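Peer 1: One structure, pasted below without further comment.
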Amino acid sequence: MQQAISPIRTTCPYCGVGCGVLATPLPDGGLAIKGDPDHPANKGRLCVKGAALGETLGLKGRLLDPMIHGKRSGWDQALDLVASRFRETIAAHGPDSVAFYVSGQLLTEDYYVANKLMKGFIGSANIDTNSRLCMASSVAGHKRAFGTDTVPGLYEDLECADTVVLVGSNLAWCHPILYQRLAAAKEERGTRIVVVDPRRTATCDIADLHLTLDAGTDAALFNILLAEIERRGLIDDDVARGLDGMEQALGAARETKAAATGLPQPDLTRFLDIWTESERVVTVYSQGINQSDSGTDKVNAILNCHLATGRIGRPGMGPFSVTGQPNAMGGREVGGLANMLACHLDIENADHRDAVRRFWNAPRMAEKPGLKAVDMFRAVEDGRIKALWIMGTNPAVSMPEAERVARAIKGCDFTVVSDIVADTDTTRLADVLLPATGWAEKDGTVTNSERRISRQRRALPAPGRARDDWRIMADVAGRMGWRDAFAWETPAQIFAEHAALSGIAGTLGSDFDISGYRDASGQDYDLMSPFLWPQSPARRGGRFFGDGRFHTPSGRARMVAVAPAILRPVDLAAPFTLNTGRVRDHWHTMTRTGRAARLSRHIAEPFLEIHPRDAARLQLSPASLAQVENAQGRCILRVLVTDRVAPGHPFAPIHWSGESSSAGRVSALVSELADPISGQPASKSAKVNIRAF
Ligand code: SF4
């Protein structure tokens, strides 16, 4: 009798919900996929993307061999070339002449190795990640308010809140399992749901109130709320004593005009009533807040309201940033951003740098923040960066001004790309291509939006000559002369080193603590169940800040005075504000979800949602083609006439690539304008002109 094969417990590689997956190897080499009933994030559920994971496998289009200038090579030859070119570039031009651009798709162990190599051994902080495009404004807002990049709450807060406000977040399509949990909570206990979004999204199906505010006025809305909180006497004296900056924040709030959001007064009044009358309120926010040139201020305007009322860190209360990628949080934990150090330590703090240097026995520690994504590609363009290593991401499509970024990469002296896919807009530009293992082929950990660390487990053999990202980097580090510091044999050893460093970080005031795993054996790592950090028993229930203690030097949180963004006057050459976002069944640039036919049944091609009044004026009929253009580029999109969007504010999805002149590469239209504090590009919108094609 044939023995049944046990399912392997792993984690979905798409959004930041971080659902547990049971993957059972099939005789044909594929995987049968089910939701893991024991994973706390999803309790057995999967959305359609997760359920279709088994259909995205297979070797078609995979990068299976190292390639040098388009020709197959051996690993030794490719790794020798990468190490020697990086070493020579550093010797000739200094450590800041090289850079890594990595990905929220990397596992924490991969991220740890990349960060250690760049910041501790090469001696530069020029490592940034596509997570910069996703949640950097949340990181900056958290650090300004709390002193650390701490997400205070948990998913279960959405289920025990009386009111959940969703700001710039289409949870139904972008975080479907969290949406299902919220919809079930509404069914069971009548949770009130407010959606704040200029567009009527699928999430509005369960909303009690939809606020169609003018695009970009979110900070004004939360300033108005803060002033109302004060007017209604909801600022508790005890809470106020634990806050810095309150008077300045209130001053800015009082000056914000009620008309600033463009909302009808009855809608605004109802929102103020609902929020102020709900003791248990969670404000969820996502890319609509983060991807803005004032994203950090928007984040702090939200945090201010929770801090002033003490509605934070207790069951059913708090601000909640939900991340787009599966491991954006893990990347933050290992310091995988140009302005961070490992374990939530601060690169601009000499004591922190010194502690990490001693722990790593690092020969050349980065002394200052490195280049953030937009600046990094500018430095590639103007020749300051001469050797670039891109891992697991497709910036020639996904970065703002994508065509300019593609030209910059093409002009770089030496570009390495590690990927699982052979042919992308970015792999075509590489001098050296390194085949990486993908989901289901590698072991490691990821952290979801509520700080829960879960294992990804190998369920399939590595195809061709693909290798794990951490091993590729460790092999290059060894060739650059640092073999002993990168001599791990397993990802379990890397995780244990990361955990040990978190123990040291804790003594320096960091919130990040997984030090209980510092002595974890390979077997402990294999058997690891999903767990929340910090592990400290003092953090009862896994929430932060319910005790009123923060990680600032004073122990008090900081409220930030936020001046609402000044809306720019209409540009006659680009009079429309294009809103960008995701569709339900595709992911990023579709290099994986594009392989599953059923994931294109929902929406098969790029489109432009446009209001009937705009469509009539431009003589665009339904299903015709529109040319959308601005100074950065142009793309062609199928017209979808709908009143889901407001006049002047069309919408287009981000997933499709191809030549911008013939397809829907929306990122070609997005400018490099970025938030000055977080460096996060304002990818959520672009000023464009539209005409019939
Ligand atoms: Fe995967 Fe996100 Fe869907 Fe969960 S909700 S199955 S993590 S894509």
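Peer 1: Residues Val380, Val446, Val416: which one is assigned to a helix (DSSP H, G or I) and in contact (Cβ under 8 Å) with a residue 60 or more places away in the chain?
Peer 2: Of the residues listed, the single one that is assigned to a helix (DSSP H, G or I) and in contact (Cβ under 8 Å) with a residue 60 or more places away in the chain is Val380.
Peer 1: Restricting attention to region 570-590, which residues are outside any loop (DSSP other than H, G, I, E, B) and of a type in the set (D, E, K, R)?
Peer 2: Asp571
Peer 1: Another question, if that's okay. If you take the residues of region 311-325 that are in contact with a Leu (Cβ under 9 Å, 6 or more places away or on another chain) and either of a type in the set (Val, Ile, Thr) or assigned to a loop (DSSP other than H, G, I, E, B) (or both), which of them is farthest from the ligand (Cβ to nearest atom)?
Peer 2: Taking the candidates together, the pick is Ile312.
Peer 1: Oh, and also: What number goes with the only condition from (1) within 11 Å of the ligand (Cβ to nearest atom); (2) over 20 Å from Val421 (Cβ atoms); (3) touching a residue at least 24 places away in the same chain (Cβ under 8 Å) that Ile90 does not pass?
Peer 2: Tallying (1) within 11 Å of the ligand (Cβ to nearest atom); (2) over 20 Å from Val421 (Cβ atoms); (3) touching a residue at least 24 places away in the same chain (Cβ under 8 Å), Ile90 fails exactly one: (1).
Peer 1: When region 95-105 is examined, which residues are found to be modelled with pLDDT of 95 or more and not in a strand (DSSP E or B)?
Peer 2: Residues satisfying the conditions are Pro95, Asp96, Ser97.
Peer 1: For region 548-604, what are the residues that are closer than 27 Å to Ser398 by Cβ, among the small types (Gly, Ala, Ser) and modelled with pLDDT of 85 or more?
Peer 2: Ala573, Ala574, Gly581, Gly594, Ala596, Ala597, Ser600, Ala604
Peer 1: Considering every residue within region 189-201, establish whether at least one is within 14 Å of the ligand (Cβ to nearest atom), out of contact with any Asp or Glu (no Cβ under 6 Å at 6 or more places or on another chain), at pLDDT 95 or above and farther than 24 Å from Arg314 by Cβ.
Peer 2: no
Peer 1: Please work out which one of (1) without any contact (Cβ under 8 Å) to a residue 12 or more places away in the chain; (2) closer than 11 Å to Ile453 by Cβ is the condition Pro530 fails and give its number.
Peer 2: Failing condition for Pro530: (1).
Peer 1: Here's a follow-up. So which residues in region 113-146 are in a loop (DSSP other than H, G, I, E, B) and under 20 Å from the mean Cα position of the chain (by Cα)?
Peer 2: Ala125, Asn126, Asn130, Ser131
Peer 1: Is it the case, given these coordinates, that Asp244 is farther than 20 Å from Met559 by Cα and in the same structural domain as Ile289 (by TED's automatic domain parsing)?
Peer 2: Spelling it out, it is not the case that Asp244 is farther than 20 Å from Met559 by Cα and in the same structural domain as Ile289 (by TED's automatic domain parsing).
Peer 1: Test Ala597 against the criterion of being surrounded by 21 or more Cβ atoms within 10 Å (Cβ to Cβ), outside the structural domain of Val48 (by TED's automatic domain parsing) and away from the ligand (no atom under 16 Å from the Cβ), and give yes or no.
Peer 2: Against the criterion (surrounded by 21 or more Cβ atoms within 10 Å (Cβ to Cβ), outside the structural domain of Val48 (by TED's automatic domain parsing) and away from the ligand (no atom under 16 Å from the Cβ)), Ala597 does not qualify.
Peer 1: Consider Asp468 carefully, then state whether it is in the same structural domain as Asn115 (by TED's automatic domain parsing), of a type in the set (Asp, Glu) and in contact with a Lys or Arg (Cβ under 7 Å, 6 or more places away or on another chain).
Peer 2: Against the criterion (in the same structural domain as Asn115 (by TED's automatic domain parsing), of a type in the set (Asp, Glu) and in contact with a Lys or Arg (Cβ under 7 Å, 6 or more places away or on another chain)), Asp468 qualifies.
Peer 1: Does any residue in region 636-659 that is in the same structural domain as Asp585 (by TED's automatic domain parsing) come within less than 9 Å, Cβ to Cβ, of a residue that is in a loop (DSSP other than H, G, I, E, B) and among the acidic types (Asp, Glu) six or more places away or on a different chain, and which pairs are these?
Peer 2: If the second residue must be in a loop (DSSP other than H, G, I, E, B) and among the acidic types (Asp, Glu), the pairs left are Leu637/Glu605; Arg638/Glu605; Ala646/Asp214; His649/Asp214; Trp656/Glu605; Ser657/Asp425; Gly658/Asp425.
Peer 1: While we're on this one: Check region 29-44 and report whether any residue there is in the same structural domain as Ile127 (by TED's automatic domain parsing) and in a strand (DSSP E or B).
Peer 2: Taking every residue of region 29-44 in turn, none turns out to be in the same structural domain as Ile127 (by TED's automatic domain parsing) and in a strand (DSSP E or B).
Peer 1: Collect the residues in region 1-13 that are within 14 Å of the ligand (Cβ to nearest atom) and assigned to a loop (DSSP other than H, G, I, E, B), keeping them in residue-number order.
Peer 2: Passing the criteria: Cys12, Pro13.
Peer 1: Take region 54-75 and flag every residue that is basic (Lys, Arg), touching a residue at least 40 places away in the same chain (Cβ under 8 Å) and exposed (fewer than 15 other Cβ atoms within 10 Å of the Cβ).
Peer 2: Lys60
Peer 1: Counting only residues that are more than 15 Å from the ligand (Cβ to nearest atom) and either modelled with pLDDT under 95 or in contact with a Leu (Cβ under 7 Å, 6 or more places away or on another chain) (or both), how many does region 155-188 have?
Peer 2: Adding up the residues that qualify gives 3.
Peer 1: If only one of Ala23, Ala78, Ala32, Ala51 is within 16 Å of the ligand (Cβ to nearest atom), modelled with pLDDT of 95 or more and buried (at least 23 other Cβ atoms within 10 Å of the Cβ), which one is it?
Peer 2: Unique residue meeting the criteria: Ala23.
Peer 1: Looking at Gly16, Gly58, can you tell me which residue is more than 14 Å from the ligand (Cβ to nearest atom), within 20 Å of Thr589 (Cβ to Cβ) and either assigned to a loop (DSSP other than H, G, I, E, B) or modelled with pLDDT of 95 or more (or both)?
Peer 2: Within the list Gly16, Gly58, the selection yields Gly58.
Peer 1: Pick from region 339-371 the residues that are small (Gly, Ala, Ser) and assigned to a loop (DSSP other than H, G, I, E, B): which of them is surrounded by the fewest Cβ atoms within 10 Å (Cβ to Cβ)?
Peer 2: Ala362
Peer 1: Scan (1) under 24 Å from the mean Cα position of the chain (by Cα); (2) more than 16 Å from the ligand (Cβ to nearest atom); (3) under 25 Å from Leu26 (Cα atoms) for the single condition Asp425 breaks and write down its number.
Peer 2: (3) is the only condition that Asp425 fails.
The values are calculated or read from the model by the stated rules, or taken from the named source; none is laboratory data. Remember, it's a predicted structure, so these values are computed and weren't measured experimentally. Note that we place each Cβ from the backbone using ideal geometry, even for glycine, and neighbour counts take in every protein chain shown.
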